[in-house]
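Here the structure comes first, spelled out in structure tokens, and everything after it is commentary.
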Amino acid sequence: MSERFFLQKLADEGVEVEIGGSEAHHLLRVMRVSSGAPLRLFDGQGQEACAVVTAISKETVRARITFVARVDRELAVNLVLGVALPRGDRARFLVEKLTELGVARLVPLVTGRSTVTPGSSAISKLSRYVVEASKQCGRNQLMQVQEPTRIEDFLVQRSMFESCIVLQPESQSPLTVEDVRGAASVGVCVGPEGGWTSAEMEMLTGGGWEARH
């Protein structure tokens, strides 16, 4: 069984764990798992494990951990992306691809031309997309999805990053690997479909964010 399954809290080798919710539903209804089947689990905090199914019920699957280890597949750079989210399925596509690319933290930005300001239920849904993408791409550390943040509040976090970049189509300077080479942490701002307002661009570049296209 090559699929991976998410469990928030793994246990030591030899200990049984219980899998419920959507993961159990997938195991029971889609995979038709049976007792004795091998499983691959990860906790979203850097650990992954091998396990063997010991018991099944209508709603849960129990498994015994046979091997657990911390496996780091993260980027060498802590990459944080602040982006004005697009509508509908494009937001899901964005979250899936950012997870696959290794972004550490996604900050939904509220800008002057934003068309989407996700509520708590939408943030929960985006976080679930992170889990699904991580299961497929092999990441053991879940990308964090923060609550919506005003662009004014995000840009003052500049001190957290060694390199700060704002993407702007009108910029004459292309984004290259040299902009992030050797940096331990990089912050990137991406505006809404309608683009940044002139005041926002002045605020960003005046605050030390370098414009690239």
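The table below lists the values:
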| read-out | value |
| --- | --- |
| Check on residue 30, open to solvent by 70 Å² or more (accessible area, probe 1.4 Å), out of contact with any Asp or Glu (no Cβ under 8 Å at 6 or more places or on another chain) and aliphatic (A, V, I, L, M) | yes |
| Residue 3, sole failed condition from (1) of a type outside the set (A, V, I, L, M, F, W, C); (2) over 30 Å from residue 101 (Cβ atoms); (3) at pLDDT below 95 | (2) |
| Residue in the range 154-165 that is in contact with a Lys or Arg (Cβ under 7 Å, 6 or more places away or on another chain), surrounded by fewer than 17 Cβ atoms within 10 Å (Cβ to Cβ) and more than 26 Å from residue 93 (Cα to Cα) present | no |
| Filter result for residue 103 (within 24 Å of residue 177 (Cβ to Cβ), in contact (Cβ under 8 Å) with a residue 60 or more places away in the chain and among the β-branched types (Val, Ile, Thr)) | no |
| Test: residue 77 is within 30 Å of residue 181 (Cβ to Cβ) and within 15 Å of the chain's Cα centre (by Cα) | yes |
| Residue identified as over 22 Å from residue 102 (Cα atoms), touching a Ser or Thr at 6+ places or on another chain (Cβ under 9 Å) and at pLDDT below 95 among 200, 170, 193 | 193 |
| Evaluation of residue 120 against (1) in contact with a Pro (Cβ under 8 Å, 6 or more places away or on another chain); (2) open to solvent by 30 Å² or more (accessible area, probe 1.4 Å) (one fails), failing number | (1) |
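The values are calculated or read from the model by the stated rules, or taken from the named source; none is laboratory data. Predicted, not measured: the structure shown is a model, and the values here were computed from it. We place every Cβ from the backbone using ideal geometry, glycine too, and count neighbours over all the protein chains shown. Accessible surface is based on the protein model in full, side chains and every heavy atom, while ligands, DNA and RNA are left aside. Shrake-Rupley method; radii C 1.70, N 1.55, O 1.52, S 1.80 Å.
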